[in-house]
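Please read the structure below before turning to the comments.
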Amino acid sequence: MALIDIKNLHASVNGNEILHGIDLKVNAGEVHAIMGPNGSGKSTLAGVISGRDAYEVTEGSITFNGKDLLDMEPEERACEGVFLAFQYPVEIPGVSNTYFLKAALNAVRKHRGEEELDAMDFLRLVREKVKLLGMDESLMNRSVNEGFSGGEKKRNEIFQMAVLDPKLAVLDETDSGLDIDALKIVANGVNALRGADRGIIVVTHYQRLLNYIVPDFVHVLANGRIVKSGGKELALELEEKGYSWIEEPVGAR
Amino acid sequence: MTTLEVSKDIELYQGEFSKLGATALDSGNADLGKVRQAAIARFGEIGFPTTRDEEWRFTNVSPIARTSFKLAGGDFNQVSSEMLKTAEIPGMKGPQAVFCNGHFVSELSSLGNLPKGVIVGSLAAAASHPAVRHHLAKHANFENHAFVALNTAFMQDGAFVYVPKGVVVEEPIHLLFVSTSPGETGMSHPRNLIVAESNSQVQILESYSGTEEDVYLTNVVTEVVAGDGAVVDHYKLQREGHKSYHIATIQVYQERSSNFSTQSISFGAAISRNDVNTILDGEGCVGTLNGIYMIGGSQLADNHTRIDHAKPNCESHELYKGILEDKSRGVFNGRIIVRQDAQKTNSKQTNKSLLLSDQALVNTNPQLEIFADDVKCTHGATIGQIDEEHIFYLRSRGISAAVARHLLVYAFANDIIRRIKIEPLRAELEMRVLKAQEIPTDFVFTEGA
């Protein structure tokens, strides 16, 4: 059984259909890259998977671990093991990273029927994961993302992923706005979290990130459909030729 | 007909004034008797403000004007140990001066070992002190403010804090005001004077609370003088009973390179009004005016601030926040004046209101009057509900929608609370908000330096 099975997914925003029938299967242990030009529907797909209510699914289904994902609230999806790394993580002045993450982790653990972590066990876990991402531990005592640089925010997303240990991670343009050093740190973090139990969907505009997070499969999204799928070579081909050669046949339909 | 009602109000106060006669303050300071006379006369001329008065446009004080208040005495036997206990801040171990209806109660106060020369206690007892003679009623102007006029007319006692030149008071000072006049509609007019001489440093909390079941009026005026290079970190916590009225003016005078900050935290009272005014009257001053109020039901909370940049190279920071539930109403009026001389002024004002109900209402009004040409002044106001994107971010991590909302309300408040430097006060307020939001209190926010 696929970890996530998306079938004929149609989704609209304010009555405008953005996704015109997406089919995608991701198995545990696989990394899939979804590439595509601006406006192709990449972020919409990430949003629909995570349960953003701006998107209306008009047709199709998403089955996650055998369950109907579209029937779940965003927090249920998170508890079931879906994680979205935001393209633009929000700043929440007044809530510390530590508290936020502890509340999140314990919500997830409760859902899984595991015991809530006490402060000591939680700190031990946090210290371990902080090292993984090479993060400054003092960031943990700051407000969520407040005053973080772009790189720190993205790193914080991957750090949250490391702590919450999801089954499926969707990285929405995690590379946007990062310089090469920050990109490497984020990629290393993601690579450390690759594993046989986890599926990862990397949504990106550029091939650059895929030099560091090498995908098993690459899908090209254009005008709300997957127009081409292939191995990691496809990303290099896109880098060389751009998106126009892919978009043309769609425009001609 | 309106005129008739107003004049009746005025008569009532004039009657109370005559009954009061000379006060302990007058006897220590002969000039004060004249000032009090002038104040009651001025009140007779201006009467209570109406909503036609620009400064009171959104705050209707007719419920106060209509009530026949009687001057409440200082009988501290009415202060139950339970009242005192709830008014205290657990963990605050510094000097604590207790006031009953504005009268100092030495029996309930614990002033401990104050540094040499530092005075904390009764203003009436210090009436002849040079600093009192020099500063009392010299800063808070009653000409155009009926409540300051009434406070001045009725001033009998209140807190006096004096910190001599160069002295640093390590422990925060708690000035604890309790209102109690069971069965009577009592009023009190506490008058406070805080004088921090040059290069001294002090932290002060003024707290106000009272009986939940009674209608009463607390009308307080606090004058603060921060001398050259003095650092005054001031807090005002208002937890009055929900049937009461709380009117307060804090008038600050800052001399060269002084640093004054105040945080005004309001929860209680049916109608509360805070006027916080500072004059930055020397180069290199820093003035910080922060505040937060959390109200519900049909409460009204009004914060008026006025920052007067009189000299060059000063900075002021202002952040006021309101959280409103039910049919409550908030008012923020922030005036910043930059005088012609005050070049290189740097001033920032922010007002944010969170409306948790469709019926809650906020009126916000920034007023910048800039007469200098080389200044940096910014202001911004937001009124709204909880940001849906923030809620989604929390939900996407597994936190339920309801908890996410509570957490974000807490975060909104905590953005002010975390700036409080008196640790026990910060912890107490954080707990209060966490509890109000039904969030587990097993954690304390630990903001890094």
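I want to confirm something. Restricting to region B:384-422 and keeping residues that are open to solvent by 50 Å² or more (accessible area, probe 1.4 Å) and farther than 24 Å from B:Lys236 by Cα, which single residue is nearest to the other protein chains (Cβ to nearest Cβ)? Reasoning before the result, please.
So the first thing to find is which residues in region B:384-422 are open to solvent by 50 Å² or more (accessible area, probe 1.4 Å), and the list is B:385, B:387-389, B:402-403, B:405-406, B:419, B:421.
When the remaining residues are screened for being farther than 24 Å from B:Lys236 by Cα, the result is B:385, B:387-389, B:402-403, B:405-406.
Working: B:Gln385: 15, B:Asp387: 8, B:Glu388: 8, B:Glu389: 6, B:Ala402: 10, B:Val403: 7, B:Arg405: 12, B:His406: 11 Å.
It comes out as B:Glu389.
Just checking: which of the strands (runs of 3 or more DSSP E) contained wholly in region B:242-358 hold 2 or more residues that are open to solvent by less than 40 Å² (accessible area, probe 1.4 Å), touching a residue at least 24 places away in the same chain (Cβ under 8 Å) and of a type in the set (D, E, K, R)?
Numbers: elements: B:245-254, B:259-266, B:271-280, B:286-295, B:300-309, B:315-324, B:329-338, B:346-355.
Passing ranges, in order: B:271-280, B:300-309, B:315-324.
For A:Val90, indicate whether it is surrounded by fewer than 22 Cβ atoms within 10 Å (Cβ to Cβ), among the hydrophobic types (A, V, I, L, M, F, W, C), within 14 Å of chain B (Cβ to nearest Cβ) and under 18 Å from the mean Cα position of the chain (by Cα). Lay out the reasoning, then the answer.
Values: surrounded by fewer than 22 Cβ atoms within 10 Å (Cβ to Cβ): yes; among the hydrophobic types (A, V, I, L, M, F, W, C): yes; within 14 Å of chain B (Cβ to nearest Cβ): yes; under 18 Å from the mean Cα position of the chain (by Cα): yes.
In short, yes.
May I ask you to verify whether B:Ile391 is under 30 Å from A:Leu105 (Cα atoms) and assigned to a loop (DSSP other than H, G, I, E, B)?
Criteria not met by B:Ile391.
Sort out which residues of region B:104-140 are hydroxyl-bearing (Ser, Thr, Tyr) and in contact with a helix residue (DSSP H, G or I) (Cβ under 6 Å, 6 or more places away or on another chain), and write them in order of number.
The answer is B:Ser128, and nothing else.
Restricting attention to region B:83-103, which residues are open to solvent by 50 Å² or more (accessible area, probe 1.4 Å) and either in contact with a helix residue (DSSP H, G or I) (Cβ under 7 Å, 6 or more places away or on another chain) or part of a helix (DSSP H, G or I) (or both)?
B:Lys85, B:Thr86, B:Pro90 - these are the residues of region B:83-103 that are open to solvent by 50 Å² or more (accessible area, probe 1.4 Å) and either in contact with a helix residue (DSSP H, G or I) (Cβ under 7 Å, 6 or more places away or on another chain) or part of a helix (DSSP H, G or I) (or both).
Name every residue in region B:225-237 that is without any contact (Cβ under 8 Å) to a residue 40 or more places away in the chain and either hydroxyl-bearing (Ser, Thr, Tyr) or surrounded by fewer than 24 Cβ atoms within 10 Å (Cβ to Cβ) (or both), in order of residue number.
If the condition is that a residue be without any contact (Cβ under 8 Å) to a residue 40 or more places away in the chain and either hydroxyl-bearing (Ser, Thr, Tyr) or surrounded by fewer than 24 Cβ atoms within 10 Å (Cβ to Cβ) (or both), then B:Gly229, B:Val231, B:Lys236 are the ones that fit.
Give the number of residues within region B:359-383 that are crowded, with 17+ Cβ neighbours inside 10 Å and in contact with a Lys or Arg (Cβ under 6 Å, 6 or more places away or on another chain).
Summing the residues that are crowded, with 17+ Cβ neighbours inside 10 Å and in contact with a Lys or Arg (Cβ under 6 Å, 6 or more places away or on another chain) in region B:359-383 gives 1.
So which residues in region A:106-126 are under 26 Å from A:Glu152 (Cβ atoms) and within 8 Å of chain B (Cβ to nearest Cβ), if there are any at all?
A:Ala107, A:Val108, A:Ala119 - these are the residues of region A:106-126 that are under 26 Å from A:Glu152 (Cβ atoms) and within 8 Å of chain B (Cβ to nearest Cβ).
I'd like to know if region B:28-38 contains one or more residues that are over 23 Å from B:Phe160 (Cβ atoms) and in contact with a helix residue (DSSP H, G or I) (Cβ under 9 Å, 6 or more places away or on another chain). Step through it out loud before you land on a result.
Kept after step one, since they are over 23 Å from B:Phe160 (Cβ atoms), are these residues of region B:28-38: none.
No - not one qualifying residue is present in region B:28-38.
Is it the case that region B:115-123 has a residue that's of a type outside the set (A, V, I, L, M, F, W, C), assigned to a loop (DSSP other than H, G, I, E, B) and free of Cβ contacts under 8 Å to residues at least 24 places away in the same chain?
Of region B:115-123, the ones of a type outside the set (A, V, I, L, M, F, W, C) are B:115-117, B:121-122.
Next cut, assigned to a loop (DSSP other than H, G, I, E, B) only: B:115-117.
Next, from what is left, pick out any that are free of Cβ contacts under 8 Å to residues at least 24 places away in the same chain: none.
Within region B:115-123, not a single residue is of a type outside the set (A, V, I, L, M, F, W, C), assigned to a loop (DSSP other than H, G, I, E, B) and free of Cβ contacts under 8 Å to residues at least 24 places away in the same chain.
So in region A:166-192, with the set limited to residues that are modelled with pLDDT under 95 and in a loop (DSSP other than H, G, I, E, B), which one is farthest from the other protein chains (Cβ to nearest Cβ)?
Taking the candidates together, the pick is A:Asp179.
What number of residues within region B:198-224 satisfy the criterion of being in contact (Cβ under 8 Å) with a residue 40 or more places away in the chain, surrounded by fewer than 24 Cβ atoms within 10 Å (Cβ to Cβ) and closer than 17 Å to B:Val286 by Cα?
Total meeting the criteria: 2.
Look through region A:23-70, keep the residues that are open to solvent by 10 Å² or more (accessible area, probe 1.4 Å), touching a strand residue (DSSP E or B) at 6+ places or on another chain (Cβ under 7 Å) and within 14 Å of chain B (Cβ to nearest Cβ), and return whichever of them is farthest from A:Glu233 (Cα to Cα).
Looking at residues that are open to solvent by 10 Å² or more (accessible area, probe 1.4 Å), touching a strand residue (DSSP E or B) at 6+ places or on another chain (Cβ under 7 Å) and within 14 Å of chain B (Cβ to nearest Cβ), I get A:Ala54.
Between A:Val214, A:Val202, A:Val220, A:Val227, which is touching a residue at least 24 places away in the same chain (Cβ under 8 Å) and surrounded by fewer than 22 Cβ atoms within 10 Å (Cβ to Cβ)? Please lay out each step first, then the result.
Working: A:Val202 fails: surrounded by fewer than 22 Cβ atoms within 10 Å (Cβ to Cβ); A:Val220 fails: surrounded by fewer than 22 Cβ atoms within 10 Å (Cβ to Cβ); A:Val227 fails: touching a residue at least 24 places away in the same chain (Cβ under 8 Å).
Result: A:Val214 is the single residue among A:Val214, A:Val202, A:Val220, A:Val227 that is touching a residue at least 24 places away in the same chain (Cβ under 8 Å) and surrounded by fewer than 22 Cβ atoms within 10 Å (Cβ to Cβ).
If I filter region B:58-65 for residues that are among the polar types (S, T, N, Q) and open to solvent by less than 50 Å² (accessible area, probe 1.4 Å), do I get at least one hit?
Going residue by residue through region B:58-65, those that are among the polar types (S, T, N, Q) are B:59-60, B:62.
Narrowing further to those that are open to solvent by less than 50 Å² (accessible area, probe 1.4 Å): B:59, B:62.
Yes, some residue in region B:58-65 is among the polar types (S, T, N, Q) and open to solvent by less than 50 Å² (accessible area, probe 1.4 Å).
Which of the residues that make up region A:127-143 are within 8 Å of chain B (Cβ to nearest Cβ) and either part of a loop (DSSP other than H, G, I, E, B) or touching a residue at least 12 places away in the same chain (Cβ under 8 Å) (or both)?
Start the filter on region A:127-143 by keeping residues that are within 8 Å of chain B (Cβ to nearest Cβ), which leaves A:138, A:141-143.
Passing the criteria: A:Asn141, A:Arg142, A:Ser143.
Scan region A:71-87 for residues that are in a loop (DSSP other than H, G, I, E, B), open to solvent by 10 Å² or more (accessible area, probe 1.4 Å) and within 10 Å of chain B (Cβ to nearest Cβ) and report the count. Working first, answer last.
Going through region A:71-87, the residues in a loop (DSSP other than H, G, I, E, B) turn out to be A:72-73, A:81, A:86-87.
Then keep just the ones that are open to solvent by 10 Å² or more (accessible area, probe 1.4 Å); that gives A:72-73, A:87.
Narrowing further to those that are within 10 Å of chain B (Cβ to nearest Cβ): A:73.
Residues meeting the conditions: 1.
Check region B:431-446 and report whether any residue there is facing another protein chain (nearest Cβ under 7 Å), crowded, with 18+ Cβ neighbours inside 10 Å and either part of a loop (DSSP other than H, G, I, E, B) or at pLDDT 90 or above (or both).
Step one: list which residues in region B:431-446 are facing another protein chain (nearest Cβ under 7 Å), which gives B:443, B:445-446.
Next, from what is left, pick out any that are crowded, with 18+ Cβ neighbours inside 10 Å: B:445.
Those still in the list that are either part of a loop (DSSP other than H, G, I, E, B) or at pLDDT 90 or above (or both) too: B:445.
The answer is yes; a qualifying residue exists.
The values are calculated or read from the model by the stated rules, or taken from the named source; none is laboratory data. Computed from a predicted model, the values in this text were never measured in an experiment. Reconstructed Cβ throughout: ideal geometry from the backbone, glycine too, with neighbour counts over all protein chains shown. Accessible surface is based on the protein model in full, side chains and every heavy atom, while ligands, DNA and RNA are left aside. Shrake-Rupley method; radii C 1.70, N 1.55, O 1.52, S 1.80 Å.
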